[in-house]
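Inspection log for the structure reproduced underneath, given as structure tokens.
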Amino acid sequence: MTSAAFLWGAATAGHQVEGNNVNADIWLLEQVPETSFVVPSGDACDSLHYWRGDVGLVRALGLNCYRFSVEWSRIEPSPGRFSAAWLDHYARIAAACRDAGIAPVITLSHFTSPRWFAERGGWTQTDSPMLFARYAERVARRLAPWASHVVTFNEPNLPLMGRWIATPIADPGRRGLDRMLAAAAHVTGSDRFDVWVYSHGEDVDLLNLLAGHRHARLAVKAARGDLPVGMSLALPDVQAVGTDAGIAAYRRNAEMPFFAAAREDDFIGVQTYGRLRLSADAVVPPPVDAEMTQAGDEYYPKALGVAVAHAHAATGKPVLITENGIASADDRQRTRYITEALASLDDTCASGVPVIGYIHWSLLDNFEWRRGYTQQFGLAMIDRRTFQRIPKPSARTYANLVEARRA
Ligand code: BGC
């Protein structure tokens, strides 16, 4: 962790910060009357225009890595038609990172896809892996000179995290999602508007997703053979309550297929926010006296070290922590979280687990999907009228912790 090459970064995702991502599938979900988004993303943080400020903030914090995602729906606004202008836009961001001594970690799919892709059935279609690979190839060819690492998918295992439960409890949230997806199918005249992140676990076409990952990796490698490629998984510290039966079922569904695919990759991306306690057939709620986060999750920063060790043991790959963070309106809680999460990472690194870098989620308070702007994950807050980025005290603490580890 003291090597100069260790990546210390912060992350954003296109749809969550850019604003006006009007050709994306999720943008449409935000607009239908049956939406389950509390507000539409609108201008978000207007990073489309203020991206230089984002890169400048990363640099001002003394970080050497910025993870951002490119938006497929801008780059390929209709099937097979690619926008040179949007590819140039993302190339400018990557080049500006390098000029500032920052390694750009580029995500190809951070939950959003083009609306045309969702309308034709998304990842349920047999040609979906090739469509994704064709897009990946264009991105890789344009961004390869500057990219440090490429992440194909952000958390493709997310919809599968509930699939292990044999008899799922009635989920009113699920009914809302189904109504929203049906409404999007209706307004687009589509048989099925497929947005994989909001699918039932049962409906996710795992084979197509994993083939998409594999083909995208090959496309990136064809553009630049030495550019490291991997995917980022949602990996809580999974703990057994009473019996290991639940964990075994969970790992079979939400981890193993992805870990198997990652064995062909250059690294495994780990995204950890806390722990998940499982009995034989249910998720066990946090202890009654647990400290909670703004998102209603248990505050549990030491999950990070455990998840990192587990991901490495399961894949044999070096780990890039592509997300770790906390939703909190109380920035002192975030300060403690970062300090304790990094301490747990120190222990894991000391035990010999190879770690490439740590990228905090998030650089900015941003559009937290269906929860809109109610959750503060950022190292910096945003004045959403002037779009001014205002670093919080936790950003300074993070910068100091990084500095101390470099010394
Ligand atoms: C996602 C981010 C999200 C964060 C906090 C991660 O699962 O990659 O897009 O904002 O969690 O909920």
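The values are calculated or read from the model by the stated rules, or taken from the named source; none is laboratory data. Bear in mind that the values here come from a model prediction, so they are computed numbers and not experimental data. So basically every Cβ, Gly included, is an ideal-geometry build from the backbone, and we count neighbours across all protein chains shown. Side chains are part of the model used for accessible areas, which takes the heavy atoms of the whole protein and leaves out ligands, DNA and RNA. Shrake-Rupley method; radii C 1.70, N 1.55, O 1.52, S 1.80 Å.
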Most to least accessible of Tyr358, Tyr299 (protein chains only, probe 1.4 Å): Tyr299, Tyr358
Among Val38, Val105, Val238, whose mean-square fluctuation peaks in a Gaussian network model of the chain (Cα, cutoff 10 Å)? Val38
Charge context of Gly173, other residues only, Cβ under 14 angstrom, K/R +1, D/E -1: +2
Spelling it out for Leu320: with amide H atoms placed in the peptide plane at 1.01 Å from N, the residues 5 or more places away or on another chain with amide H under 5 Å from its amide H are Ile268, Gly269, Val270, Ile356
Kirkwood estimate for segment 175-291, i.e. one over the average of 1/r between Cα atoms, Å: 17.1 Å
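Starting from the Kirkwood Rh over alpha-carbon pairs, what translational D in µm² s⁻¹ does the chain have by Stokes-Einstein at 4 °C and 1.567 mPa s?
On the way: Rh = 21.3 Å.
This corresponds to a translational diffusion coefficient of 61 µm²/s.
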Percent relative contact order of the chain, based on C-alpha pairs within less than 8 angstrom and at least six residues apart? 19 percent
Local electrostatic count, Pro287, Cβ distance below 12 Å [Lys/Arg +1, Asp/Glu -1]: -1
Dipole of segment 246-312 (Lys/Arg Cβ +1, Asp/Glu Cβ -1, origin at the Cα centre): which of Ala295, Ala248, Ala260 lies farthest to the positive side? Ala248
Mind putting a number on the dipole of segment 81-180 about its Cα centre? Charges go on the C-beta only, +1 for Lys and Arg and -1 for Asp and Glu, and I need it in Debye to the nearest 20. 180 debye
Hey, what D do you get for segment 69-177 in µm²/s if you plug the Kirkwood alpha-carbon radius into Stokes-Einstein at 4 °C and 1.567 mPa s? 82 µm²/s
Between Arg192 and Met292, how many nm apart are label points set 7 Å from Cα along the C-beta direction? 3.7 nm
Excluding residues on the same chain fewer than 8 positions from Lys302, give the lysines whose Cα lies under 28 Å from its Cα. Lys317, Lys392
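For segment 259-407, what relative contact order do you get, as a whole percent, if you take Cα pairs closer than 8 Å and at least 6 residues apart?
Values: 249 pairs, mean separation 32.6, N = 149.
It comes to 22 percent, rounded to a whole number.
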To the nearest 20 debye, what is the magnitude of the charge dipole of the chain about its Cα centre, counting +1 on the Cβ of each Lys and Arg and -1 on the Cβ of each Asp and Glu? 920 debye
At each listed q (0.14, 0.16, 0.22 Å⁻¹), what is the log10 of I(q)/I(0) that the Debye formula gives for segment 1-109 modelled as equal alpha-carbon point scatterers? -0.61, -0.76, -1.18
Could you tell me the extents of segment 281-336's C-alpha atoms along the three principal axes, largest first, rounded to whole Å? 36, 33, 14
How are the alpha carbon pair distances in segment 150-219 distributed across 10 Å bins from zero to the largest one, expressed in percent? 18, 41, 32, 9, 0
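Please give the net charge around Ala313, taking every other residue with its beta carbon less than 14 angstrom from that of Ala313, where Lys and Arg add +1 and Asp and Glu add -1.
Numbers: positive: Arg251, Arg263, Lys317; negative: Asp237, Glu255.
Neighbourhood net charge equals +1.
Looking at the chain, send over the antiparallel percent of its DSSP beta bridges, to the nearest 5. Could the numbers behind the result be given before it?
Working: 8 of 44 bridges.
If I count the DSSP bridges inside the chain, around 20 percent turn out antiparallel.
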Please compute, for the alpha-carbon atoms of segment 361-407, the extent along each of the three principal axes and give them in descending order in Å. 40, 23, 12
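Hey, any idea what % of segment 182-243's accessible area is carbon plus sulfur with a 1.4 Å probe? Intermediate results must be reported in sequence, preceding the final value.
Working: 1290 of 2430 Å².
With neighbouring chains kept in place, the figure for segment 182-243 is 53 percent.
Which semi-axis lengths, in whole Å and largest first, follow from the square roots of five times the eigenvalues of the Cα gyration tensor of segment 315-363?
Details: eigenvalues 108, 32, 8 Å².
Sorted largest first and rounded, they come to 23, 13, 6 Å.
Once Rh for segment 214-254 is found with the Kirkwood sum over Cα pairs, what is the Stokes-Einstein diffusion coefficient at 4 °C and 1.567 mPa s, in µm²/s?
Numbers: Rh = 13.1 Å.
The estimated diffusion coefficient comes to 99 µm²/s.
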Other-chain or far-sequence residues with amide H under 5 Å of Gly378's (modelled H): Ser362, Asp365, Asn366
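So for segment 199-335, averaging the separation of alpha carbon pairs under 8 Å that are six or more residues apart and normalising by length, what relative contact order in percent results? Please report the intermediate quantities before stating the final value.
Numbers: 196 pairs, mean separation 35.2, N = 137.
For segment 199-335, the relative contact order is 26 percent.
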Loop-located GluC sites (Glu not before Pro) in segment 65-154 whose Cβ has at most 14 other Cβ within 10 Å (DSSP): none
Measuring from a point 7 Å past the Cα of Asp88 along Cα-to-C-beta, which residues in segment 98-118 have an amide N at less than 19 Å? none
Leaving out ligands and nucleic acids, note down the accessible area per residue over segment 294-407 with a 1.4 angstrom probe, in whole Å². 38 Å²
